[in-house]
Amino acid sequence: MKPAPFIYHNPLTPEDAVSLLASNEEAKILAGGQSLMPMLNMRFVVPDHVIDLNNVTGIDGVTNRDNLLEIGAMTRQCDLMANDLVKSKAPIIPEALEHVGHFQTRNRCTIGGSLCHLDPAAELPCLMAAYDANLTVQGPEGQREIPFIEWPLAYMIPNLAPDELLTKISFRYWSLNHGFGFEEFARRHGDFAIVAVAALLEVDDGKITRAAISIGGANISPVRLVKAEEALIGMLANEDTYKVAADIAQEIESISDAYVTSQYRQRLAGTLVQRALVKAGDRVNRS
Amino acid sequence: MPDIREIQVSVNGEDHSAKVETRTSLGDFLRQNLGLTGTHLGCEHGVCGACTVILDGEAVRSCLMLAVQANGHEVTTVEGLAGEEGELHPLQEAFWKHHGLQCGFCTPGMLTSLVAFLRDNPNPSERDIREAISGNICRCTGYQGIVDATLEAAKVMQGRV
Amino acid sequence: MGVRYLGAEVQRMEDPRLLTGHGRYVDDIKLEGMLHAAFLRSSQAHAKIHSIDITAASDLVGVHRVFTLADLGVNYQKPMNQLYPAPVIEQNKTQYPLAKDEVCYVGETIAVVIADSRAIAEDALALINVEYKTLPAVIDVRTALEEGSPLAHSDTESNLMGKMRSKFGDIEDAFNKADHVFSAGFMQHRGGCHSMETRGVIARDDPWGDGLTIWTSAQSPYLIRRALANWLGEPEEKIRVIAPDVGGGFGPKAGFYPEEIVIPLVARIMERPVKWIEDRQEHFVSTTTQRDQYWDLEVACNVDGKILGLRGKVTHENGAYIPYGILLPNSSLTPLPGAYSIPAIDVGVDIIFTNTVPNSPVRGAGRPCGIYAVERMVQVVSRKLGIDPAVVRRRNYVRPEQMPYETGAKLRGGDPVVYDSGDYEALLDKVLELSDYESFKDRQIAARKEGRFLGIGISSCIEDTGMGPYEGTTVRVDASGKVIVKTGAASQGQGHHTMISMIVADNLGVKPEDIIFESADTAKFPHGIGAIGSRIAANVAPSAFDAASKVREKAIKLAAEILETAEADLDIESGIVRVNGAPDVSISLGELAVKLTPPSSTRVPTGFEPLLEATSFEGSAGSPIASGSNVAEVEVDNGTGEVKVLRYSVAHDCGIMINPMIVHGQIVGGVVHGIGNALFERMIYDKQGQPLTMNYGEYLLPLASEMPRIDVTHMETPSPLNSLGVKGAGEGGTIPAAAAVIAAIENALEEFSVEIDYYPVDPQYLLGLIDSSIDSKSSSRLS
Ligand SMILES: Cc1cc2nc3c(=O)[nH]c(=O)nc-3n(C[C@H](O)[C@H](O)[C@H](O)COP(=O)(O)OP(=O)(O)OC[C@H]3O[C@@H](n4cnc5c(N)ncnc54)[C@H](O)[C@@H]3O)c2cc1C
Ligand code: FES
Ligand code: FES
C-alpha cells in the first residue's frame, strides 16, 4: 500500500496552485490528506502530480462579515471546533464535527477537503446544505460562486473543473436564538454516518418561523427536506409537529448499497429527523 | 525519475536532514530512513491509529502524511516520550501497571494519541477517553487496561496522586 | 523461601521495551542487502490462468526479478503440504505457493516481484498482465451441494470437502421419550484475524553457513520449519525459523502460508535477503479467516427444562483450500454438550469448499460456534417453557460430583473429552451476583417506562485447553549467575516471558530480572508446538516448573557438598545458596555453574553431569477444562436498531492463576473479540466472490467507544492434570460472548417476540424484526 510515484508541488499562493492545476494533467489537490492519502496508498487514485495546499496562505481561518461566516477552505476541522465565532454563531458545526472521524484525523481534515471529497454521508456537506452555503472557487479565469445546491453534480463529484480550487465557504448564520440539533447514526463512534440529520429552527411565540432540515447519507448527496421545512412553518414547536417532518423524512428518496437498504435509510431518516428537531426545539432560546 | 526532495525535520528534539522520495509517507520515513521503528503501520489507510505521531504538538496519522510535508516541522514519536534519563512518561508507567498492552503493536499510537489528548483534556472521564481512542484499534486488550491507565496517568500528571 | 511470584500481579517484563518503541517486529528488521517483495494476487474468485506476462514488470528500473511458479525451479512445481492430514478430508486441496493454472479465491498468490523497495515492487505489480478465463464461483455454502452448483475447483465433482459427526448416547431414545422437541436454525459468522500487525516474512539464505533463516510473524515457528523442510525436502536443522515480537496472532498466524515458501526460495535464488510485509489490503484477502456456519438443531427436553438430547446438522464454509486440516469444524463439535450433562448428541457437519479465503481458526476456533449452538438451544428451551434461563442452566449443568465427566465426545486424536474439574453452578452464582441479575427486572421496567429497551443474557461455557503434547523448557544458570530460560513457546502478546519467569524465579530462588528469556526461535530450543488453543500455560508452566525444580535440586546437591552441610539446611534466595541459620556461609548459583563448566585440566565434581541445566517436557495429562459464565446487559434502540452493551460480567475459572493481571487481560480482550463477533465484524463477499469489506471503515472491529466496562471475577478450581493446577485462559473470554449478547438482545425485545437467527446482528436486521413484529401485531388486531 504505497502510492504510485508522482511529482509533488508546494505552491504558496492560491494563484500558483491554480496555475499548477492548469498546467499539469492528472493533478490532484492535497488538503488534509485524510481522504486522498488512503486512496493514494491503495492506488485507487494515481495522479501524476500532487499539489499540496498546506503551505498556501490566505485560504484558511474564519471571519464574520455582515452576518456571513466566511471559512477558508483549508480551515481544519479541529480549528472549526475550537473557533469562537463558529461556536457562537453556528454551534451546530462543532456539535456535528464531534462525529467526524477522530481527533487525530480532525487535526488534519479541512472543510474544503470534505466538501470536495463529497462523501454522501459526510457531516460538513450536510451542514453546508442546511445553511445554503456559497462556495467560492478559483480558476485560471478568476473566481466564481456556487450555491451549495449546485455543488454536487453526481455521486462524490463536485461542481469543480480540473483546474479549479475551492477557496472559501460562506453562509449567513441564523439568529442568536435559533435552535439546532445534529443527529446521526453510525455503527461506531467516528464512522461515516449511515444517515445524518442537521436541523435548524427559529421559533416565535411557540410557533416555528423558520426551519432547515438537511439529510446526509440517504442519497448520493445531502438533501434538504424542503417539503417538511415548509410544513413546519407556523406550526407549534412540539413533538407532534416534528412527527409530521419525520413522516416526510421516511419517504425520502434513498439509495441501497452492499450493507444497507434504502428502506433502512428511510427509517433512520425518520427517527433522526424527529430526534434532531426535538433537540433543536429544546434549544431555541424562547426568552 | 523518482521525485526526490531534501527535507529538514526535527524528530524527538533532534534535527534531521534527509533526501526522501515525495511519495514516501511520514510513517515510512520515520521507520525506514530514520530507523525509528517504534511508529507502527497497521492499516495505512488512516483508521487503526497505530502510526500516530505528534506533529507540532498535535496527534496525526503518519500514514496519511507525506514525509515532505513534515519539512520544517517538529515530530515526536513514541521513542521521544520517555525522559532524558529513560524514565518512563507517567502514561507509559500507567500502561505498564494497568496491563494496557499485550502484543504492543497498537501501543505507540495509543501513547502518542493520549499524550496529546491529556494535554488538552487533563481531567477526562472514562467516556472521554473511550471516545478519544476510538481512532486507535487494539485487537488484544479490550481497551480496559488502556482506559484505566489513562485515568490514572491523568491523576498522576496533575499531581493528584 | 522469599517472595512468591506465582499468583501475584507481576508487571510484565516485556513491557518497558514495547512501551518505548523498542519492540522488534518483523518489519523492524533490516538486513544488509535486503530486497523487498510484493505479491500479485488473483483479482478473480475463480478463473483459469491462460498466461502471465511479466516482461514489462521485469524491465522496470529497480526491479530485480519477477517470479511465477515456473521460475521457482523444477523441484517446486507442487502444491503445499497438508499440515493436519485426517481421514475425514475426502478431497485434499492445498494451494500452490504461486498459482499454477487455476485460482480459486481473490487474493491467491500468482507472482512475486522482487525490487529495491516495496513501493517499486508495487509499481511493477501494475505492469504484470494476467490473462484469466473467469469460471463461475461458489460463494454461498447453502447452495454449494445442489445439483448444478458451480464448483470451487474445476477438477472436482463436488464441493464437499468431507463430513464429520459427533454422536454419542441413545439419541433416538432421547427424542422419543422427551416431553418437548424444539428446533432452531441460525447462521454464525466469525471474521478474520486482524491482528494489528499484519503478517510478514524475511528470509536469508547462507548455503555455506547457517542455511535458511526465516523471521516470520507467526504463532508456530516449529510448524513452519517442519512444513517448509518437508516441502523443500531438506533437513529441519538447516532451517531456522524465528518469530520475533509478534503483534497479535489469534489463530490465523498459526498456519503455514505460501509466502513462507516463496520468500525463502526467492531469497535463496537471489542470494540476497528478501522481506515481504503483508499490507492491510492483502490481509483481508490472504490471511485465513473463519467464515459462515449454518446450524439446524433440535433439542429434546422435559417439562422442567432438563435436556435429554441434541441433534442436527451444520454446514461449514471452508473457503477454497485446506491449509489447516479440519481443526475448525472439529472444534465446533467437540465442545457439545457445553457445560451441561446432555446424555445424547448427534450432530454432523458438512465441510464445504467455496471460492473465498481459506479457513483457519480465529480466537477460540470452532468453540465459540459450538458453545453458541448449545447456549442457543438452552435459550430456546427457556423461552418456550417460560423458565428463567438461569434455572434451565442449573437443571442441566455437569455437577462437581460428576467430575471427571466424560461427555461422550471425542477429541481430534480420538481421546474422549473429559471435564477434569470445575463447579459450573457456582460460577453462575458468582456471575449473577456480579451482574446484579436479581435486580435486573427493576432496571428493565424503569427503563421501559422511559421508552428504553433493556435486556439481559446469560451464557455458560467450557473450554478444552492445553491439547498437549508438550511445550518444553530449558533452564540453565550461566557463569554470571544469570538464568537462561528457553522454550519453544511463541508469544503474540500473552506475556509468556513474564509468566514463565515468575515460575522459574519462584522455584529456583532467583529474581525475575535475572532471567534471560529466549523463545520462538528454532535454533534456541529443539522443538515446540506453538501458541494455539489456549495451550501455553497448561503445557509450558509445568515444564518450566519442573526444569527449574531440577536445576534447584542439582544446585542444592552440589552446594551441600561444597559447603559441607545437609541439603535440607540449604535454601536459595536471589541466586545465592545459603545455609539456614548461617547467613555468611553461601555460594552463588553462578559459582556453582562454573563448577559444572570447569576449565581445561580440571574436573566436573564427581557424580554430577556438566552444566547447571535441566530440560523438561512435562505438561498436562489431558486437556484441563476451563469454564465460565457471562452475563451481558444491553440496550436496543427501537428507532435505529442499534445495540449498546451496557454492562458485561464474567465469572471465569482457569484453575490456578499464575498472574491474575495477565489472565484478566486475556479475558477482557477475549470478551471484546466476542462482542465484535456478535455485533460488528463481518466479511462480506458479493455473489461473484469479490470481497467488499476491504478496509477498517467497512470491516468493523470493536472500538473502545462501543465496548462496555467488563467486570471479571474468578474461581480457582485446580486442574488435577498438571503440577500447578493451571488451565488455559486465552479464549475463555471470546467463547461465550456472542451467546450472552444475543440472548440479551432477544430479552430486550421480548415484547416483539424477536428471534435472532444470525450474527453479527446488525441494526438494520434488528429494526426489521421489530418493525415486522409491530406490523403483524397491528394487522392481526385489524383482522
Ligand atoms: C479514520 C477516518 C474517519 C473519518 N470519518 C469521517 C466522518 O465520519 N465523516 C466525514 O465527513 N469524514 C470522515 N473522514 C474523512 C475526512 O473528514 C476527510 O478526510 C475529509 O472529508 C477530506 O478532507 P481533507 O482535508 O483530508 O481532504 P483531502 O483528503 O486532502 O482531499 C480530499 C479530496 O478533495 C480534493 N480537495 C481537497 N481540498 C480541495 C480544494 N480546496 N479544492 C479542490 N479540491 C480539493 C482533493 O483533491 C481530494 O480529491 C474520515 C477520515 C478518516 C481517515
Ligand atoms: S497505519 Fe495509519 S492509521 Fe493505521
Ligand atoms: S496490544 Fe495488541 S493490538 Fe493493542
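Things worth noting here:
- Listed residue pairs exceeding 22 Å between alpha carbons, taken from C:K486/C:K511; C:K30/C:K511; C:K482/C:K524; C:K253/C:K511; C:K410/C:K727; A:K28/A:K168: C:K30/C:K511; C:K253/C:K511
- Peptide C:690-700 is shielded by partner chain Cβ atoms: per residue, an average of 4 of them sit within 10 Å of its Cβ.
- Those residues of region C:91-106 whose amide nitrogen sits under 13 Å from the label point placed on C:K133, 7 Å along Cα→Cβ: C:101-103
- Among A:N41, A:N83, A:N238, residue whose mean-square fluctuation peaks in a GNM of chain A (springs only between Cα atoms under 10 Å): A:N41
- Sparsely packed trypsin sites (Lys or Arg not before Pro) within region C:189-223, loop by DSSP, other Cβ within 10 Å at most 16: none
- Residues whose amide H comes within less than 5 Å of that of A:A121, counting only those at least five positions distant or on another chain, are A:G217 (H built at 1.01 Å from N in the peptide plane).
- Peptide A:38-48 is shielded by partner chain Cβ atoms: per residue, an average of 4 of them sit within 10 Å of its Cβ.
- Per residue, the accessible area of chain C comes to 34 Å², computed with a 1.4 Å probe over protein heavy atoms only.
- Accessible surface of the protein assembly as shown, 1.4 Å probe: 50 percent of it comes from carbon and sulfur atoms.
- Pairwise label distance in nanometres, C:D304 with C:L692, each label 7 Å out on the Cα-Cβ vector: 5.0
- Burial ranking of peptide ranges C:206-214, A:214-222, A:177-185 (average Cβ count within 10 Å, highest at the top): A:214-222, A:177-185, C:206-214
- Among the chymotrypsin sites (Phe, Trp or Tyr not before Pro) found in region A:2-69, those both in a DSSP coil and sparsely packed, with 12 or fewer other Cβ atoms within 10 Å of their Cβ, are A:F44.
- Using only side-chain charges placed at the Cβ, +1 for Lys and Arg and -1 for Asp and Glu, the dipole size of chain A relative to its Cα centre rounds to 720 debye.
- Shielding by partners for peptide C:765-774, expressed as the average number of C-beta atoms from other protein chains within 10 Å of each residue's C-beta, is 1.
- Per residue, the accessible area of region B:90-157 comes to 26 Å², computed with a 1.4 Å probe over protein heavy atoms only.
- Highest mean first, the peptides C:470-483, A:143-156 sorted by other C-beta atoms within 10 Å per residue fall in the order C:470-483, A:143-156.
- Loss of accessible area when A meets C, both sides summed, Å² nearest 100, probe 1.4 Å: 2300
- Each of A:A258 and C:N75 was given a label point 7 Å from its Cα along the Cα-to-Cβ line. The distance between the two points is 4.2 nm.
- Accessible surface buried by the B/C pair amounts to about 4100 Å², both sides summed, 1.4 Å probe.
- Whole-number accessible area per residue in Å² for region A:15-115, which is evaluated in the context of all protein chains at 1.4 Å: 37
- Taking amide hydrogens as placed 1.01 Å from N in the peptide plane, the amide H of C:R291 sits under 5 Å from those of C:R190, each at least 5 positions away in sequence or on another chain.
The values are calculated or read from the model by the stated rules, or taken from the named source; none is laboratory data. Predicted model only: the values in this text are computed from it and were never measured. Cβ: placed from backbone, ideal geometry, glycine included. Neighbour counts: every protein chain shown. The protein model used for the area step is the full one, side chains on, heavy atoms only, and it has no ligands, DNA or RNA in it. Shrake-Rupley method; radii C 1.70, N 1.55, O 1.52, S 1.80 Å.
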